[in-house]
Structure formats: C-alpha cells, structure tokens
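The values are calculated or read from the model by the stated rules, or taken from the named source; none is laboratory data. Worth saying up front: this structure is predicted, and the values here are computed from it rather than measured. Please note: Cβ atoms are built from the backbone with ideal geometry, for glycine as well, and neighbour counts cover all protein chains shown. What goes into the accessible areas is simple: the full protein's heavy atoms, side chains included, and nothing from ligands, DNA or RNA. Shrake-Rupley method; radii C 1.70, N 1.55, O 1.52, S 1.80 Å.
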Amino acid sequence: MKPRFYSTPSAQLAAQAWQARGDGRSGPGLAIVGVGMMGREHLRVASLLGRARVCGIYDSNAESIHRALRDFAAYSDRKLNVYDSLDALCADDSVDAFLICTPNFSHWSVFERLVVTGKPMLLEKPMATSLADARRMVDVASDYPGLIQLGMQYRFKAQYVEAFHAIQNDHVLGSVRTVAMSEYRPPFLDKVDQWNKFNRFSGGTLVEKCCHYFDLINLMAAASPVKVYAQGGRAVNFLDFERGGEQSDIDDHAFVCVTYDDGTLANFTLNMFSQELYEELVVTGAEGRVVASEHASFRQGIRSSAHIKIEVADHPAYRGCEVTYPQAIETSGHSGSTFFEHLAFVEQLEGAVVDAATPSQGLWSLIVAAAAQQSLSTGEVVFIDEFCARQQVALP
Ligand SMILES: NC(=O)c1ccc[n+]([C@@H]2O[C@H](COP(=O)([O-])OP(=O)(O)OC[C@H]3O[C@@H](n4cnc5c(N)ncnc54)[C@H](O)[C@@H]3O)[C@@H](O)[C@H]2O)c1
C-alpha cells in the first residue's frame, strides 16, 4: 500500500502551517541583520508566513539594501526601516527579535553587539568560524533571557521530518546502527565580497555547507561523536579564483567517517561539481532501512521533490512515496524548510515548545564539521575530546 500524501507527518505540518498563516501586520517585530541571499530569503519567508512583522533591516552594503527593498516592495506594501547602524537597530523598541544573516566570520561580532539587548534571535549557521567563539555563544545562551535559535533548518525538510518521525517516534528500525548521508550539488554561488571562497571567512567547506548534514547525522545517531576521519580536497572548483591577490582555498569534495560513543557509524559524502542537487540520507537498524532523498536544481523551471522509503517489513511506505511540500511553501526557500524554521521561531517566541536547533546542537554540528575539516587537511584521525581540549573548548 502506498501512503496517501496528506496522511504523512510533513503534509499534516504543511496543512496546519498554511492554515495558521497571518497577515504580517501583527505578531512580533523582526529585524534582519545582513540582507544578502539568505537575509532576503528570511524577509520573503517571514512575509509569506505572516505570523511576524518585519520592521527593518541593517546591512553594511548599499547594493544589498537596495535589492532587499526592491524584493520586499514586490510582495508587500508595508514600510521597512533601514537602520544606519547596529546601535540604531538596538535602540528601536518596536523590534522584538533579530535574525543574524551576515557572513560566518562576522557572526560573533554581530551577536556580541546584539546580546546586550536581551532580545531573542535566530542566528544563521554555522554559528561561528571558530569553536572558541561558538562555545562563548553557548555560554551566553545558557543564562540569556531570550530565545536563541540556530539556522539549521534542513531538519524541517519534508523527507527528514518523515525520517525522524519514523525512526524516533515510531522506532521502526529499532536502535540505529549506521547513518549515511550525501550531497551532490553545483559549486558555491557568488556572495557579497565572495567570502565563501576563502576558508578564513567561511570556516571551510565542511563547516560552511556541511554543518547542516552533521546536525542531521548527530540527531539520527542520537549519541556523542568520538572520532572523525576525512579525505577530500580541491579537484575542480575555483582552482584559479582569486580576489584582491588572494587565492581561493576552499575544498569541493570530501568523504567523512564519524564514530559515535554507542558504536553507531556514520559517513558523509560531499561533491560540489555536479549539475543538479541531490541529497540522500540512509539510516539502518536491525529492522531495516529508511531512505530519505531530495532532488533540487538551480535551473529555472525544475522544482524540488522529496521522497521517503521505509524498508521495514509490512510498512506502508516500503516502496516509497513522495512527500514534497505544497508548491507555495516548497518554492519559498530551501525546499520549504525555511518556512518551517520561521514557524518554529515564531511559535517559540509565543512560548510554545518546539524542536528547533539549539546553540548546543549548533556547537556539536560545528565540532564534527571542524574536526572533519582538520582531518581532511592533516590526513589524521581526529579524536573529539583531544581536538576540543587543545582549543580549550569544553564539550557541550
Ligand atoms: N540556513 C541555510 O540554509 C543558509 C543558506 C545560505 C546561507 N546561509 C548563511 O547565511 C549567512 C549569510 O549568507 P548569504 O548567502 O546571505 O551571504 P551574502 O554574501 O549573500 O550576504 C551577506 C550579507 O551580509 C552583509 N554583511 C556583511 N558583514 C556585515 C556586518 N558586519 N553587518 C551587517 N551586514 C553585513 C553583506 O553586505 C551581505 O549583504 C551565512 O552565515 C551563511 O552561511 C545559511
């Protein structure tokens, strides 16, 4: 039997979220710091969801502000404040919460400035480019009066919602023994000042891009990572790229193995010189296998599609089914996952208990990512406790 789309957890979530949309004129006031590609996605998605008012934006680049205002005017008749400094933003009492969407290397300095307000914030991934800064954020968060949610929204992609539901709510696999994830995709896109072409600005490819996947793998393994080994490098992309006399140094492919303290084994494959985007998560236990996959594209006219297969005896999704969100949600950004990230953020601001990424989970994903980045450059196995101790970073 093939489950009908509307009976799956992701479809129920989509239906409820769609019905609960607001008009964007009431609800908490949001301000977005950094309105490049991701900041504009947050602006658009917050408006689509309509459960919060976007009050204003701040960006150090005039062209980014211009693009954000132009985009916003295309779907909203509301006025957007443009702050001329972080001080002006912090002084605005109509702002209830911040979204930090600046490049990775600037997260700590923006965060440090905004935390004096005590207001809630959504901080884009990866939380920082160094473990020390990320650890300082976790320490601040531990007695911070407001919510701090991490921008690891891939956990809200439809196929992973289904996988989590089957594995952790319904326990279809028994205990999880192996987790395998892969991403095949085209090269990194252009960014303002091309910060993502340099390890010192992004933290490295496995940190910048793959912290999402290490977050998902950590959640699936539900155990603590002990050691990491990675191979990879620069095979195809940006080999001749330079900016201001500096040569790009980012990796474009990797194979990563992670061992967890309960014996669960995980691997992750990255390839960034593919034409289309494919993600796959395969989780196994004694009872069988769950396969969650997605095809997306940077090409016009190709919509993303998400699937799940639950190869467990007599399971109704044994042969698989499509779980893609409805089009208006799916096309709003990152296959609809940013929409649910906003829903989680607003519901948490309203006092609900929601399963969104915490600063500690953000730090764990960064620890695995940074250890993989280190292993890739040295060729050696990285033991997590030694790796963190050497950097004087206490485990979360
Ligand atoms: N969650 C996701 O799936 C996802 C996807 C893409 C990007 N991101 C993250 O979002 C962040 C931004 O990425 P992007 O793709 O939008 O980059 P981008 O280069 O397109 O935009 C960054 C913007 O921040 C501005 N900026 C830089 N420093 C600033 C500062 N100190 N104060 C104010 N503005 C500043 C830049 O002018 C630019 O407009 C990064 O941390 C990135 O990793 C997350």
By residue number, the members of segment 216-233 that are closer than 21 Å to residue 183 by Cα and of a type in the set (Ser, Thr, Tyr) are 229
Could you pull out the residue among 337, 304, 332 that is without any contact (Cβ under 8 Å) to a residue 60 or more places away in the chain, within 30 Å of residue 237 (Cβ to Cβ) and touching a helix residue (DSSP H, G or I) at 6+ places or on another chain (Cβ under 6 Å)? 304
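What number of residues within segment 232-268 satisfy the criterion of being in contact with a Pro (Cβ under 9 Å, 6 or more places away or on another chain) and either open to solvent by 50 Å² or more (accessible area, probe 1.4 Å) or not hydroxyl-bearing (Ser, Thr, Tyr) (or both)?
Of the residues in segment 232-268, the ones in contact with a Pro (Cβ under 9 Å, 6 or more places away or on another chain) are 236-238, 252, 258-261, 266.
Narrowing the set further to residues that are either open to solvent by 50 Å² or more (accessible area, probe 1.4 Å) or not hydroxyl-bearing (Ser, Thr, Tyr) (or both) leaves 236-238, 252, 258, 261, 266.
Of the residues in segment 232-268, 7 are in contact with a Pro (Cβ under 9 Å, 6 or more places away or on another chain) and either open to solvent by 50 Å² or more (accessible area, probe 1.4 Å) or not hydroxyl-bearing (Ser, Thr, Tyr) (or both).
Here's the yes/no breakdown for (1) out of contact with any strand residue (DSSP E or B) (no Cβ under 8 Å at 6 or more places or on another chain); (2) basic (Lys, Arg); (3) modelled with pLDDT under 95; (4) within 13 Å of the ligand (Cβ to nearest atom):
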site: 58; (1), (2), (3), (4): no, no, no, yes
site: 64; (1), (2), (3), (4): yes, no, no, yes
site: 71; (1), (2), (3), (4): yes, no, no, yes
site: 74; (1), (2), (3), (4): yes, no, no, no
site: 78; (1), (2), (3), (4): no, yes, yes, no
site: 96; (1), (2), (3), (4): no, no, no, no
site: 106; (1), (2), (3), (4): yes, no, no, yes
site: 114; (1), (2), (3), (4): no, no, no, yes
I'd like to check something: does segment 49-63 contain any residue that is surrounded by fewer than 17 Cβ atoms within 10 Å (Cβ to Cβ), outside the structural domain of residue 189 (by TED's automatic domain parsing) and part of a loop (DSSP other than H, G, I, E, B)? yes
Regarding segment 292-311, can at least one residue be identified that is more than 26 Å from residue 15 (Cα to Cα), assigned to a strand (DSSP E or B), open to solvent by 20 Å² or more (accessible area, probe 1.4 Å) and modelled with pLDDT of 95 or more? yes
Evaluate the following for residue 227: is it within 16 Å of the ligand (Cβ to nearest atom) and among the basic types (Lys, Arg)? no
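Within segment 116-147, which residues are within 15 Å of the ligand (Cβ to nearest atom) and either over 17 Å from the mean Cα position of the chain (by Cα) or farther than 24 Å from residue 61 by Cα (or both)? Don't jump to the end; show me each part of the working.
Narrowing segment 116-147 to residues within 15 Å of the ligand (Cβ to nearest atom): 121-130, 133-134, 137.
130, 133, 134, 137 - these are the residues of segment 116-147 that are within 15 Å of the ligand (Cβ to nearest atom) and either over 17 Å from the mean Cα position of the chain (by Cα) or farther than 24 Å from residue 61 by Cα (or both).
Would you point out which residue out of 374, 348 is in a helix (DSSP H, G or I), open to solvent by 50 Å² or more (accessible area, probe 1.4 Å) and modelled with pLDDT of 95 or more? It would help to see each step written out before you state the result.
On the way: 348 fails: open to solvent by 50 Å² or more (accessible area, probe 1.4 Å).
Going through 374, 348 in turn, the sole match is 374.
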Residues of segment 240-263 being in contact with a strand residue (DSSP E or B) (Cβ under 7 Å, 6 or more places away or on another chain) and under 12 Å from residue 197 (Cα atoms), which ones? 248, 251
Do we have residue 102 as surrounded by 13 or more Cβ atoms within 10 Å (Cβ to Cβ), outside the structural domain of residue 162 (by TED's automatic domain parsing) and touching a Cys at 6+ places or on another chain (Cβ under 7 Å) here? no
